[in-house]
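Some notes on the structure that comes next.
The values are calculated or read from the model by the stated rules, or taken from the named source; none is laboratory data. Note that the structure is a prediction, hence the values are computed from the model and not measured. Because the Cβ atoms are built from the backbone with ideal geometry, glycine has one as well, and the counts that use them run over all protein chains shown.
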Amino acid sequence: MASHARELIQSLMSPALRTAAQDVEQAIMLLLPAGRATIQNCAESMGLTVRTLQRMLDADRTSFSELLSRARMQLSAQYLANPRTRITEVAELLGYASIGAFTRWHSETIGVSPSRWRQRQLVDRGVAPTCRTHS
C-alpha cells in the first residue's frame, strides 16, 4: 500500500510520468464547475490542438467523452452524497444547462434518477432525508 501511495504521489509531482488521459481528467475536474469542460478548453489548457489531444487520447485507448462521463459519475456521487446540496446545484456543477438534461444523463448512465440514487444512499447510510432534493 505504501508503494502504491508513493507511486501516486510521484505521478502527481512528475508531469512527465502522467498520461494524456490523466492530464485531461485533471483539466475536466477543474473546468466542470465553471461549465467550461470541453475538449477545446482542455486542449487549449494543455497547449495542444484538439486533433493532437484526440490522437493522444486514442493512444491511451480512451476518448474525451469517456473521461468527461467518468468525471461526472465520480463528482455526481460526491455531490449527491451531501443531502444539503440541491440536485439543481449538482446539475450546474456538472455542466448541465438544466436539471432535465442531468436527470436524463444520470438515469441513462447510472440506471436511476439522481433523487432516487440519493434516497437509496441515505437509506443505506441510515440517514433519513430531511431536505428537498429539487429546489
Residue under evaluation residue 116, criteria (1) farther than 30 Å from residue 23 by Cβ; (2) in contact with a Phe, Trp or Tyr (Cβ under 7 Å, 6 or more places away or on another chain), criterion not met: (2)
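Every residue, every condition in (1) more than 13 Å from the chain's Cα centre (by Cα); (2) among the polar types (S, T, N, Q), yes or no:
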| residue | (1), (2) |
| --- | --- |
| 28 | no, no |
| 31 | no, no |
| 36 | no, no |
| 51 | yes, no |
| 56 | yes, no |
| 60 | yes, no |
| 70 | no, no |
| 82 | yes, yes |
| 96 | no, no |
Being of a type outside the set (Val, Ile, Thr), modelled with pLDDT under 95 and not in a helix (DSSP H, G or I), is that true of even one residue in region 97-104? yes
Failed criterion for residue 84 (all others in (1) in contact (Cβ under 8 Å) with a residue 24 or more places away in the chain; (2) in a helix (DSSP H, G or I) hold): (2)
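Among the residues of region 17-28, are any out of contact with any helix residue (DSSP H, G or I) (no Cβ under 7 Å at 6 or more places or on another chain), part of a loop (DSSP other than H, G, I, E, B) and modelled with pLDDT of 95 or more? Spell out the reasoning first.
Step one: of region 17-28, the residues out of contact with any helix residue (DSSP H, G or I) (no Cβ under 7 Å at 6 or more places or on another chain) are 19, 22-23, 26.
Subset that is part of a loop (DSSP other than H, G, I, E, B): 19.
Then drop every residue that is not modelled with pLDDT of 95 or more, which leaves none.
Within region 17-28 (the criterion being out of contact with any helix residue (DSSP H, G or I) (no Cβ under 7 Å at 6 or more places or on another chain), part of a loop (DSSP other than H, G, I, E, B) and modelled with pLDDT of 95 or more), the answer is no, since none of the residues qualifies.
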Quick check on my filter: what residues within region 46-74 are outside any helix (DSSP H, G or I), of a type outside the set (D, E, K, R) and either at pLDDT below 95 or over 24 Å from residue 106 (Cβ atoms) (or both)? 46, 47, 48, 49
Just to check your reading of the model, which residue among 77, 43 is surrounded by 18 or more Cβ atoms within 10 Å (Cβ to Cβ), small (Gly, Ala, Ser) and part of a helix (DSSP H, G or I)? 43
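If you go through region 112-129 one residue at a time, how many are in a loop (DSSP other than H, G, I, E, B) and at pLDDT 95 or above? Quick ask: steps written out before the conclusion?
Taking region 112-129 first, the residues in a loop (DSSP other than H, G, I, E, B) are 112-113, 125-129.
So of that shortlist, the ones also at pLDDT 95 or above come out as 112-113.
Final tally of qualifying residues: 2.
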Out of everything in region 80-100 that is among the polar types (S, T, N, Q) and closer than 21 Å to residue 120 by Cβ, what residue ends up being surrounded by the fewest Cβ atoms within 10 Å (Cβ to Cβ)? 82
